[in-house]
Amino acid sequence: MKKIAVGIILVLGFTTLQPAKADVTPSIVIIDTALDSTIPVLSGKLIQEVCIVTTGVCPNGQTFQEGKGSATLPITQVYSNGFEHGTIMSLIANQINPNVNIIFIRIAGINAKTGAMYGFSTTELTKALDWVIVNKAKYNVISVSSSVGTHVLNTTGAYCPIKATHATLVADINKLLILEVPTMFASGNNGDISRVDFPACIPTAIAVSGSDYNVDDKNFIGTWSNGGIDADFYALGVYNTQIKRAIGTSASTAAFSAYWAKNYKGTYKATFDYMKSITQPIKNTKTSSTVFVDILK
């Protein structure tokens with residue numbers, strides 16, 4: 001299990017980034033594919049939209065857009081080719097914490113001719129985190145959730161494939177910790193009980209793994225969930241939404257991010273410690289853990 005201590009990060013020299021605390025309703029940031037902002041329960045809590053793409057363009061014809069409609073795709077496109085993922089994650093977050101405001105950052109470009117989704121990577125993710133750092137105080141951001149992940153990991157030595165090209169990404173995660181904001185990533189759905197996805201494996205990120213429900217103890221590690229010592233928390237990853245049923249660690253991460261905001265204790269460390277204090281044992285036939293958080297309570 002990763003030990004994430006803000007005190008360790010302070011030595012990196014990012015303390016000058018700490019802004020005055022904003023006196024506004026807490027918000028969470030969801031970094032994902034795209035959004036249907038016309039859904040009433042979302043439109044009522046959606047306080048900002050951002051589009052950051054490197055392939056394809058935003059609604060304004062550029063690779064960056066901020067403001068109403070920036071992350072939104074037309075109804076004819078937003079529910080196909082995987083773009084519905086972002087809307088589903090937003091609905092799950094709203095289920096867990098209906099009071100929290102949502103900022104949605106779209107990082108998936110669309111092929112204007114075919115409607116297909118262009119690939120995205122840590123390049124777009126890093127730019128999204130750059131935006132969060134600049135705007136943390138303005139929107140009182142409490143947590144960041146992202147489903148970006150890959151399971152192409154090292155098989156020898158340190159398995160988390162952090163390269164020199166990831167220096168800015170890692171630095172952004174560290175900067176956000178100084179601003180009291182955790183960056184949460186889905187652990188992945190490969191059923192790997194010993195390794196989580198990249199970038200969830202980055203030591204200063206929070207890796208969220210997934211639980212299912214069984215009829216016996218109600219707390220059951222999903223057979224689909226990655227895990228291991230780098231899984232910081234397990235949270236329920238099965239939800240019914242008005243779009244469709246969602247199963248996976250992406251759902252766990254969006255839900256846990258909203259739950260974090262619901263139980264925010266004023267600082268990152270106090271909230272992290274509180275979450276650890278309410279963890280419970282969880283298991284399946286292949287593995288077990290002690291860091292399950294029942295976010296439905």
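When Val57 is tested against (1) exposed (fewer than 14 other Cβ atoms within 10 Å of the Cβ); (2) at pLDDT 95 or above; (3) farther than 20 Å from Asn101 by Cα, only condition (1) is not met. Flag set for Tyr264, criterion: surrounded by fewer than 24 Cβ atoms within 10 Å (Cβ to Cβ) and part of a loop (DSSP other than H, G, I, E, B).
Residues in the range 225-246 that are of a type in the set (A, V, I, L, M), in contact with a helix residue (DSSP H, G or I) (Cβ under 9 Å, 6 or more places away or on another chain) and surrounded by fewer than 20 Cβ atoms within 10 Å (Cβ to Cβ): Val238, Ile243. Residues that are under 15 Å from the mean Cα position of the chain (by Cα) and among the hydrophobic types (A, V, I, L, M, F, W, C) were ranked within the range 217-245; the one that is farthest from Pro40 (Cα to Cα) is Ala231. Take the residues in the range 183-196 that are of a type outside the set (Phe, Trp, Tyr) and within 13 Å of the chain's Cα centre (by Cα); name whichever of them is farthest from Ile229 (Cα to Cα). Taking the candidates together, the pick is Thr183. Filtered by the rule that a residue be surrounded by fewer than 16 Cβ atoms within 10 Å (Cβ to Cβ), among the polar types (S, T, N, Q) and touching a helix residue (DSSP H, G or I) at 6+ places or on another chain (Cβ under 9 Å), the range 39-54 gives a lone residue, Thr54. Where residues in the range 39-50 are in a loop (DSSP other than H, G, I, E, B) and at pLDDT 95 or above, which of them is farthest from the chain's Cα centre (by Cα)? Per the criteria, the residue is Ile39. For the range 174-224, the set of residues classified as surrounded by fewer than 24 Cβ atoms within 10 Å (Cβ to Cβ), closer than 30 Å to Gly266 by Cβ and either at pLDDT below 95 or in contact with a Pro (Cβ under 8 Å, 6 or more places away or on another chain) (or both) consists of Leu179, Asn219, listed by residue number.
The set of residues from the range 60-92 being under 18 Å from Leu125 (Cβ atoms) and of a type in the set (A, V, I, L, M, F, W, C) comprises Phe64, Ala71, Phe83, Met89.
The set of residues in the range 136-182 that are more than 19 Å from the chain's Cα centre (by Cα) and among the basic types (Lys, Arg) comprises Lys138, Lys163.
Of the residues screened, Ser121 is not one that is crowded, with 23+ Cβ neighbours inside 10 Å and hydroxyl-bearing (Ser, Thr, Tyr).
In the set (1) closer than 30 Å to Leu296 by Cα; (2) among the aliphatic types (A, V, I, L, M); (3) surrounded by fewer than 23 Cβ atoms within 10 Å (Cβ to Cβ), the condition left unmet by Ala71 is number (3).
Scanning the range 132-173 for residues that are buried (at least 22 other Cβ atoms within 10 Å of the Cβ), out of contact with any Phe, Trp or Tyr (no Cβ under 7 Å at 6 or more places or on another chain) and in a loop (DSSP other than H, G, I, E, B) gives a single hit, Ser147. Flag: Lys265 does not match the condition of being modelled with pLDDT under 95 and either closer than 19 Å to Ala200 by Cα or not hydroxyl-bearing (Ser, Thr, Tyr) (or both). Restricting attention to the range 274-296 and to residues that are more than 19 Å from the chain's Cα centre (by Cα) and assigned to a helix (DSSP H, G or I), the residue that is surrounded by the most Cβ atoms within 10 Å (Cβ to Cβ) turns out to be Tyr274. If you go through the range 92-131 and keep only what is of a type outside the set (Ser, Thr, Tyr), closer than 26 Å to Gly61 by Cα and assigned to a helix (DSSP H, G or I), you end up with Glu124, Leu125, Lys127, Ala128, Leu129, Asp130, Trp131.
Considered as a group, the residues in the range 9-38 that are polar (S, T, N, Q), surrounded by fewer than 17 Cβ atoms within 10 Å (Cβ to Cβ) and in a loop (DSSP other than H, G, I, E, B) include one that is modelled with the lowest pLDDT, and that residue is Gln18.
The values are calculated or read from the model by the stated rules, or taken from the named source; none is laboratory data. Model, not experiment: these values are computed from the prediction. Here the Cβ is made from the backbone with ideal geometry for all residues, glycine too, and neighbour counts use every protein chain on show.
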